[in-house]
Amino acid sequence: QVELAESGGGLVQVGESLRLSCAASERTFSSYFMGWFRQQPGKEREFVAAVSWSGGSTYYADSVKGRFTISRDNAKNSMYLQMNNLQPEDTAVYYCNADVVEYEDRWYGGGSWGQGIQVTVSS
């Protein structure tokens, strides 16, 4: 399994932006379909966004479409999530994941998860 580490979280005001980063330990990073998930207190972990191996295709949950942008840099073994116009409902622990898959219109995480990072949006 690949080791993943998120960074870039924090506390922001409504309407502000944050950029999350996910650093991977393996040189085979480019062979993984990567994604971001988030979990709010008392709720199940939910899909946020995914990016294909080359970065050429991206996928988003409806709740973040138009506000969040997922990207990756295979030369740096890294993935990013640019989050704009943040809202209180975006408050959650965000996790990066390697080897995400889509099945019957739902996205599932693979076996490798980061430790998670807190994003808090204050109104």
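Please return the ranges of strands (runs of 3 or more DSSP E) entirely within the stretch 20-92 where 2 or more residues are aliphatic (A, V, I, L, M). Give the steps one after another, and end with the answer.
Values: elements: 34-39, 46-51, 58-60, 68-73, 78-83.
Qualifying strands (runs of 3 or more DSSP E): 46-51, 78-83.
If you check every pair at least six apart or on different chains, which have Cβ atoms under 8 Å apart with a residue in the stretch 42-55 that is under 14 Å from D90 (Cβ atoms) and touching a residue at least 40 places away in the same chain (Cβ under 8 Å) first and a residue that is among the charged types (D, E, K, R) and open to solvent by less than 70 Å² (accessible area, probe 1.4 Å) second?
V48/R38
Let's see how each residue does on (1) surrounded by 12 or more Cβ atoms within 10 Å (Cβ to Cβ); (2) touching a strand residue (DSSP E or B) at 6+ places or on another chain (Cβ under 7 Å); (3) modelled with pLDDT under 95:
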{"residue": "E6", "(1), (2), (3)": "yes, yes, no"}
{"residue": "G42", "(1), (2), (3)": "no, no, yes"}
{"residue": "F47", "(1), (2), (3)": "yes, yes, no"}
{"residue": "S63", "(1), (2), (3)": "yes, no, no"}
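Can you confirm whether the stretch 68-86 contains a residue that is open to solvent by 60 Å² or more (accessible area, probe 1.4 Å) and either acidic (D, E) or touching a helix residue (DSSP H, G or I) at 6+ places or on another chain (Cβ under 8 Å) (or both)?
Checked the stretch 68-86: no residue is open to solvent by 60 Å² or more (accessible area, probe 1.4 Å) and either acidic (D, E) or touching a helix residue (DSSP H, G or I) at 6+ places or on another chain (Cβ under 8 Å) (or both).
Identify the residue in the stretch 99-113 that is assigned to a strand (DSSP E or B), closer than 16 Å to R38 by Cα and not hydrophobic (A, V, I, L, M, F, W, C) and, among all such residues, is least open to solvent (accessible area, probe 1.4 Å).
Only one residue fits best here, namely S112.
The values are calculated or read from the model by the stated rules, or taken from the named source; none is laboratory data. Because the structure is predicted, anything quoted here is derived from the model rather than measured. Reconstructed Cβ throughout: ideal geometry from the backbone, glycine too, with neighbour counts over all protein chains shown. Quick note on the areas: whole protein, heavy atoms, side chains included, nothing else; ligands and nucleic acids left out. Shrake-Rupley method; radii C 1.70, N 1.55, O 1.52, S 1.80 Å.
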